[in-house]
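The structure appears below as structure tokens.
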Amino acid sequence: MKRNDRILSNLVSASVLSADMLHLEEEIKKLGKSGVDMIHFDVMDGVFVNNISFGIPVLESINKLSPDLLLDVHLMITDPLKYINKFFLAGADYITFHLESESDTAETIEEIRRTGARTGLAIKPDTPAEAVYPYINDVDMILVMTVEPGFGGQEFMDMSDKIRNIREYAERNRSNPAHLFVEVDGGINDRTAPIVKNAGADVLVSGSYLFRADDMEKAVRTLRT
Ligand code: DX5
Ligand code: ZN
């Protein structure tokens, strides 16, 4: 795919970590009308990261309410392998786990593939691009964190070189014919989106920017084009 095509076709995944939890139903319905492609669902266990968010029953409810939007589950948990099937059964379309977690990476990828969900591998800001190279053929998506995982609303960290290196490595070495998505997560807004897209990212996660926008639909358009 040419760089320009990729920019035109990039996807937007809205992080519900920034939603108003007292009005989650309205927030999800609002997302449905805003033109986002995916709902990004951040699962935190208080051990892998210093925060605890939400889990399987909330995902099940979102899946019932919004069957059309892809559910993009980001597991920030110590032992993801143990929970893959449960998140799949709760409705996850994409399941992304961290390379830095304690589960065996190859086994966890295999378990996600076994369920039929799309496979994502995430890396924190300090983890180099090379760490994902051994798995380049086995995953559908690489998630390059642009903040330290754990909280919404943090300042964007520029990971352009890492994104470019992963794209270039994939273009040269990936024999899997399916498109490899490169997702970014953390501090994505109208100012930072052009930076990550220019480096080759094509799935943009955004939480506080979308949920704080007066016009969410317009904010989604800004991230997409
Ligand atoms: C952070 C989460 C992100 C977070 C992004 O650990 O993985 O998905 O919700 O929020 P913003 O877009 O506000 O940085
Ligand atoms: Zn996330």
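The values are calculated or read from the model by the stated rules, or taken from the named source; none is laboratory data. Keep in mind the model is a prediction, meaning the values are calculated, not measured. Cβ coordinates were reconstructed from backbone atoms using ideal geometry, including for glycine residues, and neighbour counts include every protein chain displayed. Keep in mind that these areas ignore ligands, DNA and RNA; they rest on the heavy atoms of the full protein, side chains included. Shrake-Rupley method; radii C 1.70, N 1.55, O 1.52, S 1.80 Å.
Quick look at the values:
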{"quantity": "Share antiparallel - DSSP beta bridges, the chain, percent rounded to 5", "calculated": "5"}
{"quantity": "Kirkwood Rh in Å, taken over the chain so that all alpha-carbon pairs contribute", "calculated": "17.3"}
{"quantity": "Whole-angstrom gap from the range 98-115 to the range 31-72, using each part's C-alpha centre", "calculated": "20"}
{"quantity": "Reduced Cα scattering model of the range 46-161, Debye log10 I(q)/I(0), q = 0.13, 0.19 Å⁻¹", "calculated": "-0.50, -1.06"}
{"quantity": "Gained length - GLU148 relative to GLU217, 0.36 nm times residue gap less alpha-carbon distance", "calculated": "22.1 nm"}
{"quantity": "Nonlocal amide H pairs with SER15, under 5 Å, H built at 1.01 Å", "calculated": "HIS40, SER206, GLY207"}
{"quantity": "Long-range tail of P(r) for the range 24-96 (Cα pairs > 18 Å, %)", "calculated": "36"}
{"quantity": "Residue-by-residue Karplus 3J(HN,Hα) for the range 205-210, coefficients 6.51, -1.76, 1.60, Hz, glycine and proline x", "calculated": "8, 8, x, 4, 4, 6"}
{"quantity": "Expected 222 nm ellipticity per residue - DSSP helices of 4 or more, -39500 (n - 2.57), all of the chain, to 500", "calculated": "-10000 deg cm²/dmol"}
{"quantity": "Solvent exposure, largest accessible area first (probe 1.4 Å, DNA, RNA and ligands not counted), of LYS162, LYS64, LYS218, LYS124", "calculated": "LYS64, LYS218, LYS124, LYS162"}
{"quantity": "Test item: Cα-centred dipole of the chain, Lys/Arg +1 and Asp/Glu -1 on Cβ, debye", "calculated": "740"}
{"quantity": "Across LYS86/LYS197; LYS82/LYS197; LYS30/LYS197; LYS82/LYS124, pairs whose alpha-carbon gap is larger than 27 Å", "calculated": "LYS86/LYS197; LYS82/LYS197"}
{"quantity": "Whole-Hz couplings from phi, Karplus 6.51/-1.76/1.60, listed for the range 81-95; x for Gly and Pro", "calculated": "3, 5, 10, 4, 4, 5, 5, 4, 5, 7, x, 5, 8, 10, 10"}
{"quantity": "Linear extension gain, GLU60 paired with GLU130, 0.36 nm per residue minus alpha-carbon span", "calculated": "21.7 nm"}
